[in-house]
Amino acid sequence: MGDDVSPPAGPGGREDADLLVGLRDMWERLDPPPPGLAGRVRFALEVEHLTRDLDVELMRLQQESLVGAGGRGDDVRTVTFGSRTLTVMLAISDVDGGFRVDGWVAPGGRRSVEVRTSEGSTQQQCDETGRFTLERVPPGHLQLVLASTGSDGADGGRVATGVVTPALTL
């Protein structure tokens with residue numbers, strides 16, 4: 001027996017490994033993945049893991065725009081999401097290396113807003129009009145989970161339900 005531990009030639013051997021490395025290098029050069037793709041995929045997998053046991057409805061992007069605000073020429077990005085039960089409008093503005101997010105949920109009412117970012121998760125509350133404010137959101141991904149209570153229809157009891165926005169990149 002020799003001390004050679006390299007893969008044998010032929011199927012599954014060193015030649016195949018070299019060919020696969022060459023193919024990977026070629027595709028990375030000719031058609032690289034979009035910037036941030038790996039981070040978005042990891043974020044989506046984490047969100048999927050966190051929400052798999054929840055009764056949630058996924059919102060859809062309805063509108064997104066960038067508008068100038070005030071005399072300073074600051075830009076505000078507005079994003080509107082909608083679902084069968086709720087509409088959420090967000091006004092996103094730059095603040096000192098992060099973002100301020102002002103949100104409005106319709107119909108209004110007190111509800112919990114879970115804010116998921118690349119750095120973790122926090123809880124917020126809407127006021128009775130459906131308004132909430134996130135003072136400092138870090139750059140990266142942002143997703144909201146809006147929770148309310150509703151009747152389950154069976155025994156008149158109250159059950160938690162949620163609505164989830166798609167992830168935004170800030």
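The values are calculated or read from the model by the stated rules, or taken from the named source; none is laboratory data. Since the structure is predicted, the reported quantities are computational estimates derived from the model, not experimental observations. Neighbour counts are summed over all protein chains in view; Cβ atoms, including those assigned to glycine, are modelled from backbone coordinates with ideal geometry.
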Inset, instruction - Give just the number: which of (1) at pLDDT 75 or above; (2) of a type outside the set (S, T, N, Q); (3) touching a Ser or Thr at 6+ places or on another chain (Cβ under 9 Å); (4) surrounded by 12 or more Cβ atoms within 10 Å (Cβ to Cβ) does Pro107 not satisfy? - result: (4)
Legend entry - In region 124-139, the residues that are part of a loop (DSSP other than H, G, I, E, B) and touching a strand residue (DSSP E or B) at 6+ places or on another chain (Cβ under 9 Å): Cys126, Thr129, Gly130, Pro138, Pro139
Inset, instruction - Please find, within region 124-151, the residue that is nearest to Ala167 (Cα to Cα) out of those that are β-branched (Val, Ile, Thr) and modelled with pLDDT under 90. - result: Val145
Inset, instruction - Confirm whether Ser121 is surrounded by fewer than 16 Cβ atoms within 10 Å (Cβ to Cβ), at pLDDT below 90, assigned to a strand (DSSP E or B) and of a type in the set (Gly, Ala, Ser). - result: yes
Inset, instruction - For Arg84, work out the one condition from (1) within 17 Å of Pro138 (Cβ to Cβ); (2) surrounded by fewer than 17 Cβ atoms within 10 Å (Cβ to Cβ) it doesn't fulfil. - result: (1)
Legend entry - Residues (closer than 17 Å to Val79 by Cβ and loosely packed, with under 13 Cβ neighbours inside 10 Å) located in region 124-143: Arg131, Thr133
Inset, instruction - With respect to Ala91, determine if the residue is without any contact (Cβ under 8 Å) to a residue 24 or more places away in the chain and assigned to a strand (DSSP E or B). - result: yes
Inset, instruction - Kindly list the number of the only condition in (1) part of a strand (DSSP E or B); (2) more than 25 Å from Arg84 (Cβ to Cβ) that fails for Val115. - result: (2)
